[in-house]
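The values are calculated or read from the model by the stated rules, or taken from the named source; none is laboratory data. This is a predicted model, so every value here is computed, not measured. Glycine also receives a Cβ, built like all others from the backbone with ideal geometry; neighbour counts cover every protein chain displayed. Ligands, DNA and RNA are stripped out before the accessible areas are found, and what is left, the full protein with its side chains, is counted by its heavy atoms. Shrake-Rupley method; radii C 1.70, N 1.55, O 1.52, S 1.80 Å.
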Amino acid sequence: MLQKVVIIGAGPAGLLLAHYLLRRGKYCVELYEQRADPRLVDLSQDRTFPLSLQERGRKAFRALAGLEEAIARAGVFCNGSIMHRKQGKARKISRATPLLTIDRNRLVMILLQHLTQTYTSEQLLVKFGCQCVQVDRRAKTVTLQMGQGEAFTVTYDALVAADGARSHVRDYLALDAGLQCKLNYVPDAYKSVYLNRLNPSGGLELEPDKIHGWYRDNQTRMLMVPQPGDRLNGLVIFDAQENPLSSLSTKEEVLTFFQQNFPLFGQLMSQEEAEAFWHRPVGRVLTVSCDRFHDGDSILLIGDAAHAVSPSLGQGCNASLEDVLIFGQLLEQYEDDWALVLPAFSEQRVPDAHALGELSNYSFPRTKALVFEFFLRLTMSRLLHRWFPQWVKPFVFDLVLDRDLSYSHVLNLSQSWINKVKRSSPHAS
């Protein structure tokens, strides 16, 4: 008899976990996602963001034949970044280990396509536009609603909350099952931007294998990530309390704003993108910290539902994918006994998730003096580590991005720097 697993949330973590469960041959899976079916939506108008996938995230794909290769074909390998500025020479930061960059929506599409092409309708059910409205953990049921239609109830043997930072399942556990959880908005907000990296008429061509950034000031900056087809997907990031975009009311004003504040990127913005950018919603990032990632022997929290973090280190998706890899290893170790797997998962992942929260909040400083020190430490540590690897450890940025050490270990190695940045941060709690 197959166990029925209901997964709420069809983002990268939920879709990959469905793969991991179904390949074991012991489960049937039902996936319910609040958003519309991405195969039917004009994604250019959607709020999305670029992801950078490192070893700790990419290794989760390797258990599934052909998946990592398909994702790599849909992304771009970046071997460094360039920080542009109005005056003076741009600052180039090289990387020995390239990052695989991909748009989140594109990653979701690939995972969904592989899932639906691999498994039958008897093994897998996927429904979009379904919002979780109630959980009854005693009866093991979930109530969902499609738009304004009638609510319906499904039963489960196991329930997985993969429904992101605003998880309805997690909120229910906090109210009904004593889950201790802290939620906070990061100070920044963002808007998605889509550009072409080429402007032939202006003689402009940005490097295709570099992440491009521009700091207008400590509060407002742009980050643009290469995508296939000479595209750049990225974000304008700004203080949520002082939105510099709020006064823009026409596409002409949008173009003028970019030309004045981010002149390099302003040369790449089309009239159509200016119009779309004006209408695009502002996004906020909610961080999540929980005392455990399970309830009883049948409910699991993974990904942002369990441990959403600031995007400053680009680890949210990587940590979520690593969740799936570790959960799969525990299923193998404990022979699919969820009563043993779930507490073992919490025991292993909660300390790492809390450490990642610290690293994401305080690895990269905001004050000018510490920004200078950050780049100096990064440059010197790379040089000295190459010469004296047994004595000089990589700096925190490289420890996170180039290694697959546990986040707890990285925090222990970098605690003095994290404490220094924390003392200088106006948002430290």
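See the values below:
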| item | result |
| --- | --- |
| Test: Arg166 is in contact with a Leu (Cβ under 7 Å, 6 or more places away or on another chain) and either at positive phi or open to solvent by 50 Å² or more (accessible area, probe 1.4 Å) (or both) | yes |
| Residue match in segment 200-215 (condition: under 30 Å from Ile8 (Cα atoms) and either loosely packed, with under 15 Cβ neighbours inside 10 Å or in contact (Cβ under 8 Å) with a residue 12 or more places away in the chain (or both)) | no |
| Unmet criterion (only one of (1) under 21 Å from the mean Cα position of the chain (by Cα); (2) in contact (Cβ under 8 Å) with a residue 12 or more places away in the chain) for Leu405 | (2) |
| Among the residues listed as Phe257, Phe265, the single one being aromatic (Phe, Trp, Tyr), without any contact (Cβ under 8 Å) to a residue 24 or more places away in the chain and more than 25 Å from Ser167 (Cα to Cα) | Phe257 |
| Residue in segment 338-349 that is among the β-branched types (Val, Ile, Thr), at pLDDT 85 or above and either over 20 Å from Asp291 (Cβ atoms) or outside any loop (DSSP other than H, G, I, E, B) (or both) present | yes |
| Count - residues of segment 393-414 that are of a type outside the set (Gly, Ala, Ser) and open to solvent by less than 60 Å² (accessible area, probe 1.4 Å) | 13 |
| Matching residues, segment 365-381, being open to solvent by less than 60 Å² (accessible area, probe 1.4 Å) and not polar (S, T, N, Q) | Pro365, Leu370, Val371, Glu373, Phe374, Phe375, Leu378 |
| Exclusive hit being open to solvent by 10 Å² or more (accessible area, probe 1.4 Å) and within 24 Å of the chain's Cα centre (by Cα), set Gln348, Gln333, Gln315, Gln390 | Gln348 |
| Selection count, segment 238-254, where residues are open to solvent by less than 60 Å² (accessible area, probe 1.4 Å) and either within 21 Å of Asn199 (Cβ to Cβ) or touching a residue at least 60 places away in the same chain (Cβ under 8 Å) (or both) | 1 |
| Boolean, Tyr194 is surrounded by 14 or more Cβ atoms within 10 Å (Cβ to Cβ), more than 25 Å from the chain's Cα centre (by Cα) and touching a residue at least 60 places away in the same chain (Cβ under 8 Å) | no |
| Positions within segment 127-143 being part of a strand (DSSP E or B) and surrounded by fewer than 21 Cβ atoms within 10 Å (Cβ to Cβ), in sequence order | Lys127, Phe128, Gln131, Val133, Gln134, Asp136, Thr141, Thr143 |
| Every residue from segment 174-198 that is basic (Lys, Arg) and either in a strand (DSSP E or B) or touching a His at 6+ places or on another chain (Cβ under 6 Å) (or both) | Lys182, Lys191 |
| Residue match in segment 111-118 (condition: open to solvent by 60 Å² or more (accessible area, probe 1.4 Å) and closer than 17 Å to Val324 by Cα) | no |
| Segment 169-188, residues that are open to solvent by 60 Å² or more (accessible area, probe 1.4 Å) and of a type in the set (A, V, I, L, M) | Leu175, Leu183 |
| Filtered residues of segment 386-402 (kept if free of Cβ contacts under 8 Å to residues at least 12 places away in the same chain and out of contact with any Ser or Thr (no Cβ under 7 Å at 6 or more places or on another chain)) | Arg386, Trp387, Phe388, Pro389, Gln390, Trp391 |
| Residue count for segment 144-163, restricted to those that are assigned to a strand (DSSP E or B), open to solvent by less than 30 Å² (accessible area, probe 1.4 Å) and more than 15 Å from Ala308 (Cα to Cα) | 5 |
